[in-house]
Each structure stands twice: as structure tokens, then as C-alpha cells.
Amino acid sequence: MGWALLLLRLIDGIGLVAEAVFVFGLGPRAGASEPVAGLVLGLGLTASAIVLILGLRTSLAASAGAACTLGSALYTIHYLAGMENWRDEWFFLYGLVFFLSGSLALMGPGGYSLEARLSGWKVIKLSSRKSHSEDAAVTRKPTECCLQESENRSNGRRERGNSMNSNMNTS
């Protein structure tokens, strides 16, 4: 799952950068009336793409990317009206990046990210049931350890109880 989330973060980041390049270039070409809004959207898209690709604060970056994607779609809707042959492709990209960002915001960073490394997440490799005893000791689940310890304790109590009963019978 870690590799799949890494791939999703890369694809979403590339889509966010493509949107940012389009929004940045839209102002001078089309004579945008609100160049500050385009600049803010472009910077938001670029920043969220960089942070998302690195895998740092993934949920926050993906949420910001989805919000900026929605904003850039609304910002460019009247500029794309004159570009009939490119309009559908750009709205497809907006929709794709919006849903990718939303799903990444819900799923989180995955194992291969800076957030996972800084938070102390570890990639755990589970072995098959036919493993060697050394591998099985390393990859046991915590519940298995607790169950074995409780069984050992209860076996010890039974043994002590049996020895106490035998001591009482001998006296």
C-alpha cells in the first residue's frame, strides 16, 4: 500500500503543478482582471504539490490542493470558454486532481513518506506461517505475545497449585 500511495501522491502533485502553470500563464495571456487571485491560487497549488510529493503533512496538503483545484476551476471557467478544444481536457484534469487530492486527504501519507519517517512509522514485513523460529519471534503480533505470556502465567499457577496440593497431602 505504501508504493501505491507514493504513486498517487506523485500523480496528484504533477496534476497540481500543471494546474499552477496554467493559472500562472493565464493572467498575462488572457489579460486577467484579477491577477492577484491567480497568483494566490498558483502559489497554493505549487506549495501543496511540493509538500504532497514529499509526503509531509499529507492530509493538510491534499485538502489544500483540493480546495485550490476547486478555486482554479472556478477562476478559469470564463477563460476556458474561448478555448473550445481544450476546455473538456482541463475540466477533466480539474476533476481528476480534485478527487485524487480528496482521497489522499482521507487515506494519509503511507509508509514511504517524510511524515512516516518523522513520526516514527515503520514498515513491517510479515513472514509466512512456514517461517523459521527466529523470523516468527520477530514478526509476532502483540496479541500473540500477550496470549503466550498469559498462558505461561496460568500454567505456572497450575503448577504451583498442584505442588501446593501435593505438599498439603503429604503433611
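The values are calculated or read from the model by the stated rules, or taken from the named source; none is laboratory data. Since we're looking at a predicted model, the values are computed, not measured. Quick reminder, even Gly has a Cβ in these numbers, built from the backbone with ideal geometry, and neighbours come from all protein chains shown.
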Of ALA105, ALA136, which residue is modelled with pLDDT under 55, surrounded by 11 or more Cβ atoms within 10 Å (Cβ to Cβ) and assigned to a helix (DSSP H, G or I)? ALA136
Suppose we filter ALA49, ALA67, ALA81 for residues that are assigned to a helix (DSSP H, G or I), surrounded by 24 or more Cβ atoms within 10 Å (Cβ to Cβ), at negative phi and in the same structural domain as LEU104 (by TED's automatic domain parsing); which single one remains? ALA49
